[in-house]
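The structure appears below as structure tokens.
The values are calculated or read from the model by the stated rules, or taken from the named source; none is laboratory data. This is a predicted model, so every value here is computed, not measured. Quick reminder, even Gly has a Cβ in these numbers, built from the backbone with ideal geometry, and neighbours come from all protein chains shown.
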Amino acid sequence: MNVREDELLSIGKIAQRSGVNASALRYYESLGLLESVRSQTGHRRYRRSSLRRVAYILFAQRLGFQLEEIAEQLNGLPKHHAPTGEEWSSLSQLWVSRVDERIAELTHLRKSLDNCIGCGCLSMKVCNVFNRADCIAVKGAGPRVWLGDRLTAAEPEDGIQTPGKT
């Protein structure tokens, strides 16, 4: 596709304007998130509309979307021009549900922090954070109770309180 040279930006200019390292831009391109054309000297050149795609990628990552998910989302959008408002709005429902999930997680975190600070960790029977003898380790890596795992009858509570329950 023929594109006028003045409609294209170098990888350095895209990196500077988007705040994303050139190596990340090349990686995004390898995943199909971005598309470049080559100059006569072989340098990558990106359409100005790539700045919007990079912004989308950054915000989608902040919402917790994985790059593979983002690639699927962007597949339906044009690569050769900036998407219209209608084209962007086709993705909004994905974002709405993810934003709602994040709000619920953050609200839970906020309430739990208030409870933890309020108790002062003086009573190990009501502290949401204390995990005596690391008995939740059998659930796997990470903050298992925070992620919604429940203790089974075979696991001693031993001072563990499931968040949201007192």
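Quick notes on this structure:
- Among residues that are in a helix (DSSP H, G or I) and modelled with pLDDT of 95 or more, TYR56 is not included.
- Across the stretch 106-134, the number of residues qualifying as surrounded by 14 or more Cβ atoms within 10 Å (Cβ to Cβ) and either small (Gly, Ala, Ser) or modelled with pLDDT of 80 or more (or both) comes to 2.
- Residue check, ALA71 over 22 Å from GLY12 (Cα atoms), surrounded by 13 or more Cβ atoms within 10 Å (Cβ to Cβ), within 14 Å of the chain's Cα centre (by Cα) and among the small types (Gly, Ala, Ser): yes
- Filter pass, LEU77 being farther than 22 Å from ALA15 by Cβ and among the aliphatic types (A, V, I, L, M): no
- Filter result for ILE57 (in the same structural domain as THR84 (by TED's automatic domain parsing), surrounded by 17 or more Cβ atoms within 10 Å (Cβ to Cβ), in contact with a Lys or Arg (Cβ under 6 Å, 6 or more places away or on another chain) and not hydroxyl-bearing (Ser, Thr, Tyr)): no
Residue-wise test of (1) aliphatic (A, V, I, L, M); (2) in contact with a Phe, Trp or Tyr (Cβ under 6 Å, 6 or more places away or on another chain).
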site	(1), (2)
LEU8	yes, no
ILE14	yes, yes
ARG44	no, no
TYR56	no, no
ALA71	yes, no
